[in-house]
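So the structure is just underneath, and the comments pick up after that.
The values are calculated or read from the model by the stated rules, or taken from the named source; none is laboratory data. Given the structure is predicted, the values throughout are model-derived calculations rather than measurements. Reconstructed Cβ throughout: ideal geometry from the backbone, glycine too, with neighbour counts over all protein chains shown.
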Amino acid sequence: MINRKNLWFLTLFSLILVLSVYYVTMPEELLLTNNGEVLTDNTDIKITDASIVEALKQEDTSNTLKEINKLKEEMNSKNLSSEDKNKVFDSLKILNQISSTEELLEEKIKNIYNLDSFVKIDGDEIRVVVDSGEHSSSLANEIMRTVQSNFDTKMYIVVQFK
């Protein structure tokens with residue numbers, strides 16, 4: 001059984017790790033202005049079309065981390081039965097599987113079509129946002145076929161171009 005010291009250590013270590021990864025992967029443009037100075041609180045940051053996919057990814061990552069933390073808190077609750085804790089653990093496992101599948105599909109689209117994309121899976125529905133100037137139905141169909149090839153059951157796939 002994990003004692004309280006180990007639990008606190010793991011929790012804080014996980015938080016530090018997540019923040020470190022976020023800081024390292026954050027684009028340098030977010031930290032600097034045009035003349036190379038560090039941004040202040042009064043600076044407005046505008047989202048351009050080129051960064052819509054990145055903004056969607058960051059928002060989704062933030063929401064996923066919140067959900068994971070919520071599930072971890074539930075799992076560490078003393079009021080839950082072992083059966084309920086197993087259900088929470090299964091939910092956590094499913095959330096991790098969905099996140100990894102989304103990342104795999106984004107990588108696949110990048111490798112095959114050389115396009116940045118954002119993929120969101122919600123049950124049997126998949127939303128794909130592609131950063132492309134070309135808005136062709138044939139490209140959308142190819143992306144849909146590529147995404148569907150990763151699933152055994154029929155998925156409802158929507159492709160948007162931004």
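Return the only residue of 112, 121, 157 being more than 21 Å from residue 18 (Cβ to Cβ) and under 14 Å from the mean Cα position of the chain (by Cα). Before you say what the answer is, go through the steps one by one.
Working: 112 fails: under 14 Å from the mean Cα position of the chain (by Cα); 157 fails: under 14 Å from the mean Cα position of the chain (by Cα).
Just a single option satisfies the conditions, and that option is 121.
Considering each of 139, 80, 95, 115 in turn, give the residue that is touching a residue at least 12 places away in the same chain (Cβ under 8 Å), within 30 Å of residue 15 (Cβ to Cβ) and not small (Gly, Ala, Ser). Please lay out each step first, then the result.
Values: 139 fails: within 30 Å of residue 15 (Cβ to Cβ); 80 fails: touching a residue at least 12 places away in the same chain (Cβ under 8 Å); 115 fails: within 30 Å of residue 15 (Cβ to Cβ).
That would be 95, the only listed residue that is touching a residue at least 12 places away in the same chain (Cβ under 8 Å), within 30 Å of residue 15 (Cβ to Cβ) and not small (Gly, Ala, Ser).
Could we say that residue 90 is at negative phi and either surrounded by 14 or more Cβ atoms within 10 Å (Cβ to Cβ) or at pLDDT 85 or above (or both) here? Please lay out each step first, then the result.
Values: at negative phi: yes; either surrounded by 14 or more Cβ atoms within 10 Å (Cβ to Cβ) or at pLDDT 85 or above (or both): yes.
Yes: the conditions hold for residue 90.
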